[in-house]
1. Using the Cα gyration tensor of the range 157-297, with a ≥ b ≥ c the square roots of its eigenvalues, what is the shape: rounded (a/c below 1.5), prolate (a/b larger than b/c) or oblate (neither)?
2. Compute the distance in nm between two label points, each set 7 Å from the Cα along the Cα-to-Cβ direction, one at Asn288 and one at Ile82.
3. Evaluate the charge dipole of the range 157-297 about its Cα centre and quote only its size in Debye, nearest 20, assuming +1 on the Cβ of each Lys and Arg and -1 on the Cβ of each Asp and Glu.
4. Rounded to the nearest 0.05, what FRET efficiency do Val75 and Thr172 give with R0 = 41 Å and r taken as the Cβ-Cβ distance? Could you check?
5. Counting only residues 5 or more places away or on other chains, whose amide H sits under 5 Å from the amide H of Met212 once H atoms are built in the peptide plane?
6. Efficiency by 1/(1 + (r/R0)^6): what FRET value for Ser118 and Arg154, r their Cβ-Cβ distance, R0 = 41 Å, to the nearest 0.05?
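Nothing in this text is a laboratory measurement; each read-out follows from the coordinates by a stated rule. Computed from a predicted structure; not experimentally measured. Note that we place each Cβ from the backbone using ideal geometry, even for glycine, and neighbour counts take in every protein chain shown.
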Amino acid sequence: MTTRRHRRSDRPEAEVDRERAWSHMLENPGGIRRRDRFGLTEYDDKRLGEIAREYDQICRRAQGRIEPQVTETDVLAALLVINTLRDKLLDDELMLITLARTYGVTWTRIADALELKSRQSAERRHLQLSKSTSADGIRPRTQNERVEATRERRRRRAERDWALTNAEAIRTTALALTEIPDLQERANCSREGMLMSAPVGEDGVDQGPVDMAWPSALKECLTEHLRFREDPWAYLNTDRLAPGDEEWQLVQQQGDIVHRMLGLLRYAADPRHLDLSDYPDLRQRVANLQDSAIHNRR
């Protein structure tokens, strides 16, 4: 039997990137939600419910219990999601232990919930989790780093609220950007695009042109926003809905979409990713949005 070998660059990103894999499993995917190099995009708010149905179906297929139509990418994305879930559960365990202590729960009761033998074991477990290295290789566990992490989450929330308030300006700017006929080609020919397409490895093998992901992701995010505006009630998650929460959840959904859109516009504000010298007005609009968003985070 001959096995086909695919270059990593030729494979779907959902097979090799954790954030893309998570997005691939979403019930209502919209745009992309991943860390960017500026550290401003909300990426750590993952909920089990949003991928549970797709994940369970793939696992049932593996058990031979049902026969849904799943692809190779579905299976590989599920494997990547498992790694994300491991990290998430460790982080959740630390947060829940900390919350229990905030409520005044004794270490003995916490030990029982963790199925540990003694209160000392529970305390050691808490200390071990608080010092553990996170998936991205950093340790935001010292007092100062925890304070800074809290401040950064607050800044991201402030930026998200700002994006929601300025949703129409963000949408119209993104729409004007995607109407540039050769947007994808411009992104591919940017300094960052040329760097990504450069030969790699000792043999200097030319991997060919690489399509930058953000232009298509921006168009997907705009499409998602249009669908939301046409039928917002289709985006309500009944599993997470409490009586009277409908309007609140709709606001959160729109906030998620426009915040992702703002994050994608950040690429257009960087000359390394896009040259807009022949679109001076649009370049200024993008720059003004980014400057205002960054100023609002402080």
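1. Details: a/c = 2.41, a/b = 1.77, b/c = 1.37.
It comes out prolate by the Cα gyration axes.
2. Simple spin-label model gives 5.1 nm for this pair.
3. Numbers: 15 positive and 25 negative charges, 86 e Å.
I would put it at about 420 debye.
4. Numbers: r = 40 Å, r/R0 = 0.98.
For Val75 and Thr172, the calculated efficiency is 0.55.
5. For Met212, whose amide H was placed from the backbone, the distant partners under 5 Å are Asn188.
6. Values: r = 37 Å, r/R0 = 0.90.
It comes to 0.65.
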